[in-house]
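These notes concern the structure reproduced below.
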Amino acid sequence: MTIISRAPRASFPGRPRSVALDPGLDGAAPAPADASALGDAPRIRAILTEAAREGRSVSYSELLGELGFRFTRPKMRAVCKTLEEVDRLCAVDGKPDMAVLVVRESDRLPGQGWWVGGTALLLGYDGPWEGAAAARFIREQQQAVFDFWAGR
């Protein structure tokens, strides 16, 4: 459920501005969406780390909801750019990539951007992006992340 509130714009007093309010994964009360959250790699990394500890993937829609947004393609694309930074930070810290945990609701596989970004090739997979082989590969990669974060 999205709730729209009217709040005056700081630069144009008295002029209404729509602010999307969406519940997060925990169903908590809606909070104002802050556009900077889409590029907040440490925050997104923390969300994915929690999911990894729980042994679960997160859909793009769930991740956006946790950040205070409803799903839209432009917001999803913005988050995908940030996922590249999340994986870079993980590599710097010697931790497994986390972007593999973010999946489409329809088939629980990462979106096209993850595949064309080269991660799959670096991990030795050059098969199709959909279907049984892709699902098997993604389950293996996700399980490695779950195993790493279990008990940490």
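Each value in this text was obtained by applying a stated rule to the coordinates, not by laboratory testing. From a predicted model like this one, the values you see are computed outputs, not experimental measurements. Here the Cβ positions follow ideal geometry from the backbone for every residue, glycine too, while neighbour counts run over all protein chains shown.
Worth pointing out:
- Over region 36-149, relative contact order from alpha-carbon pairs under 8 Å, at least 6 apart, %: 29
- Put in order of Cβ neighbour count within 10 Å, fewest first, the listed residues Lys81, Lys95 become Lys81, Lys95.
- Counting neighbouring beta carbons within 10 Å and listing from fewest to most, the residues Thr72, Thr49 come out as Thr72, Thr49.
- Neighbourhood net charge (13 Å Cβ-Cβ; Lys/Arg +1, Asp/Glu -1) for Arg43: -4
- With N the number of residues in region 36-149, Rg(Cα) / (2.2 N^0.38 Å) evaluates to 0.97.
- When the Cα atoms of region 94-142 are aligned to their principal axes, the ranges along those axes come out at 31, 21, 19 Å in descending order.
- With neighbours defined as other Cβ atoms within 10 Å of a residue's Cβ, the residues Met98, Met76 order from fewest to most as Met76, Met98.
- Karplus-derived 3J(HN,Hα) values for region 96-101, using 6.51 cos²θ - 1.76 cosθ + 1.60 with θ = phi - 60°, are x, 4, 9, 4, 4, 7 Hz; glycine and proline are entered as x.
- Taking GluC sites (Glu not before Pro) across region 51-152, the ones in a DSSP loop with at most 14 further Cβ atoms lying within 10 angstrom of their Cβ are Glu54, Glu105, Glu130.
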